[in-house]
């Protein structure tokens, strides 16, 4: 009898872990804000400079839950306060109940927000129609302890968005309105270049001189590349003249790198030879253009630098440095159902020379937990002879995932947690 042909071993594969928080929670409500405030890398920098950096001598707890029977609704509850029970600071509690029209499209929704601070009860709603590019939104505080500014009575807005253009305006149509509009923006994208202008009432006067006041205007220009998916490297550089009184330059880069998996790890299969890591780096410099004759130069110019490294789906390391303080943070995420995240932060205050600590807990079931297995072509990011193998169809995927697909912007075969935020500004 002839010997049976030996079974061909599976080709080497690379694990692609999900990001800790992608898409970020801020992306779910981006239809309520000016595109000017979110583009130019601002949303990515906000997440890099703030997420998992717990406040000194404080704790924060966040719960994000979605019922299995109805994926259109979810609940986000937050409790934060001082670690020292003798502190005079109060514990802040709030909860937000959200209904979303489309599970995969977060831009049409309504949510109710309750808190033990102002506003006590607030309702927000947004409706956006991608086919036509038009949308409307509103933010109405129903119950508030006090109403001082026009925003305390509510905000309504209209917007238009396409792949290359975003424009819109907001107003406060209730009592104490300072004039129309309260805020207006126009942002255009031409290839890798993005430019925008925003008008925002800051002076508080009630005559037409608001448009003539240069402090009510901001301008920005940015150069960027990348699809917006965590699987694609991205780069963004921005220059901004904020309120005609402050010059801001910022830089953000997202790296997608691969490292080898040690064979001693029993949790990985034999064919797994590597794992994708995510590295992020950001820099922001703010310089005041006003001639302030003050001895404290930090009030005229300030900067901050931050970096993060996600080693796998369980560990995230972050750090940031500024003239007043520096912070290191470690976050561990256990992808159970629901997922459980613990973060520790060490904050060094450079002004007084002491070190304090912060602590955070997050529980959620809004994102997928499993690794994605990329077919061998994905390893083109770090090509070597070890990575050459024939592509195969895996039983848990209808088609293999190619690095070339990510390069041309084809993310249809990926879970929504690894896709870009959207194809419009």
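The values are calculated or read from the model by the stated rules, or taken from the named source; none is laboratory data. Since the structure is predicted, the reported quantities are computational estimates derived from the model, not experimental observations. Quick reminder, even Gly has a Cβ in these numbers, built from the backbone with ideal geometry, and neighbours come from all protein chains shown.
Checking the condition at pLDDT 85 or above, more than 23 Å from residue 326 (Cβ to Cβ), touching a helix residue (DSSP H, G or I) at 6+ places or on another chain (Cβ under 6 Å) and surrounded by fewer than 21 Cβ atoms within 10 Å (Cβ to Cβ), which residue from 32, 65, 43 passes?
Answer to the selection: 43.
Would you check which residues across the range 101-110 are within 21 Å of the chain's Cα centre (by Cα), outside any loop (DSSP other than H, G, I, E, B) and either without any contact (Cβ under 8 Å) to a residue 40 or more places away in the chain or over 14 Å from residue 74 (Cβ atoms) (or both) and list them?
102, 105, 107, 108, 110
Which condition breaks for residue 156 when tested against (1) surrounded by fewer than 19 Cβ atoms within 10 Å (Cβ to Cβ); (2) at pLDDT below 90?
Condition not satisfied by residue 156: (2).
Can you go through 258, 262 and tell me which one is modelled with pLDDT under 95, part of a strand (DSSP E or B) and over 20 Å from the mean Cα position of the chain (by Cα)?
Only one candidate passes the filter, namely 258.
For the range 112-124, which residues satisfy the criterion of being crowded, with 18+ Cβ neighbours inside 10 Å and touching a helix residue (DSSP H, G or I) at 6+ places or on another chain (Cβ under 9 Å)?
Selection gives 119, 124.
Of the conditions (1) surrounded by 14 or more Cβ atoms within 10 Å (Cβ to Cβ); (2) within 30 Å of residue 319 (Cβ to Cβ); (3) in contact with a strand residue (DSSP E or B) (Cβ under 8 Å, 6 or more places away or on another chain), residue 130 fails just one. Which one is it?
(2)
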